[in-house]
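In what follows, a structure is listed as structure tokens, so that the remarks can point back to it.
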Amino acid sequence: MISMNKRILAIGSIFLAGVAASAVHAGFGPEAAGGIGAQGKISRNFYRSPYQSPEEIRVTNDYITHGSAAAAQLGRIDIVGMDSNDPVLVAMAAGEIIGLNDSRTECGCDLAYGSCANAITIRHANGETTQYLHIQPNSSTGEFGLSVGDMVTPGQPIAREGKVGFSCGNDGAATAGTCVLVAPPGAGNCGDHVHLTVRREATSEIVNPMICGISGNLLVDDTDYTSTFCSTVGCSTSVLITNTTLDALGEFRVVQADETVTADAVFVDNQGSLVLHAGGSVRMRPGFHCDRGGYCRAEIGLCHTTTPLQPGNGNTFAASQSSEIEP
Ligand SMILES: [Zn+2]
């Protein structure tokens, strides 16, 4: 039975430009020219930390700053475990393993190692994938007995944090092998971390993952977090978002409430990105603007709970649906 009081309400003279009909591949961001663009969008799914709880983690490059890192890749996120010597990585949400290679061993702080990394990739709800790069040799297939096609649950151990591939840090000198036959002069030292990529599988767009149990639900570089699981607790009853402008790549905002999220004087365009997520209703009042080039999504769901995607431009709909407006 659908609860009639759970609805997304569009009130008054809302200006929603480019609803649904506009192309998904709007073509911005440094990588867009190559057809695989980091588009400045927020993930559709809520994810837990990729590290086993309660590991303390540090984000060293976030969705934006990785674009200026040694391996400039907008949209990727680098994370280091701070507590253990060999931190255990876990599935960020339920899903199916669709890619896995932990057979490589070499590392170095040099582009020559770019194609030598180990990685595990998982497909989740709403057409999204998470990929965990640099994992330790044999940690996924051997220690945890995983292979492609396996189903995993949120928080299930999938590998150990490693440094295999192009990684930089203080965790040992560059090594060579069958992937890189001779370590390039000056390749430097390797660094343990996970290089995380969250994608929409159908379009290859890289999205900024909504993370449970952290302030603002988005990872920010040079910030420490305690790894935790997703829970429906921890939201305010009602939240008002007002006097807010999100109009540049990197201006992300996730607003959650147990009951009601209300947005009024909000302006989103030019690669700004906004998610309104509430258990009871999402209300957009006069003064709310989501213009072409901005990414906006309104959805009904309990705190930190993924809402199944049902694209559309209806103003009113029932529980467990979302409405998505793309550039
Ligand atoms: Zn990285």
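For segment 190-207, a residue qualifies if it is on the phi < 0 side of the Ramachandran plot and small (Gly, Ala, Ser), and the qualifying residues are GLY191, ALA202.
Here segment 74-83 is the region considered, the condition is being out of contact with any helix residue (DSSP H, G or I) (no Cβ under 9 Å at 6 or more places or on another chain) and outside any loop (DSSP other than H, G, I, E, B), and the residue that is farthest from the ligand (Cβ to nearest atom) is GLY81. Of ARG7, ARG44, all but one fail to be in contact with a strand residue (DSSP E or B) (Cβ under 9 Å, 6 or more places away or on another chain), at pLDDT 90 or above and at negative phi; the exception is ARG44. Flag: ALA38 matches the condition of being modelled with pLDDT under 95 and within 15 Å of the ligand (Cβ to nearest atom). Can you say whether GLY149 is surrounded by fewer than 17 Cβ atoms within 10 Å (Cβ to Cβ) and within 27 Å of ARG48 (Cβ to Cβ), as far as the supplied structure shows? When the stated conditions are applied, GLY149 passes them. Only one entry of VAL194, VAL182 meets the criterion of being under 21 Å from ILE57 (Cβ atoms) and of a type in the set (Val, Ile, Thr), and that entry is VAL194.
Residues considered: ASP62, ASP102. Of these, the only one that is at pLDDT 95 or above and out of contact with any Pro (no Cβ under 9 Å at 6 or more places or on another chain) is ASP62. The criterion of being within 16 Å of the ligand (Cβ to nearest atom) and assigned to a strand (DSSP E or B) holds for LEU196.
Quick grid of which residues meet (1) over 23 Å from SER68 (Cβ atoms); (2) under 17 Å from the mean Cα position of the chain (by Cα):
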| position | (1), (2) |
| --- | --- |
| GLY216 | no, yes |
| ASP247 | no, no |
| ARG253 | no, yes |
| VAL268 | yes, no |
| VAL275 | yes, yes |
| ARG292 | yes, no |
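CYS230: assigned to a strand (DSSP E or B) and under 30 Å from GLY95 (Cα atoms), yes or no? Judged against the criteria, CYS230 is not a match. Filtering segment 46-73 to residues that are within 14 Å of the ligand (Cβ to nearest atom) and more than 17 Å from the chain's Cα centre (by Cα) leaves SER68, ALA69, ALA70, ALA71, ALA72.
The values are calculated or read from the model by the stated rules, or taken from the named source; none is laboratory data. Everything numeric in this text was worked out from a predicted model, so none of it was measured. Neighbour counts are summed over all protein chains in view; Cβ atoms, including those assigned to glycine, are modelled from backbone coordinates with ideal geometry.
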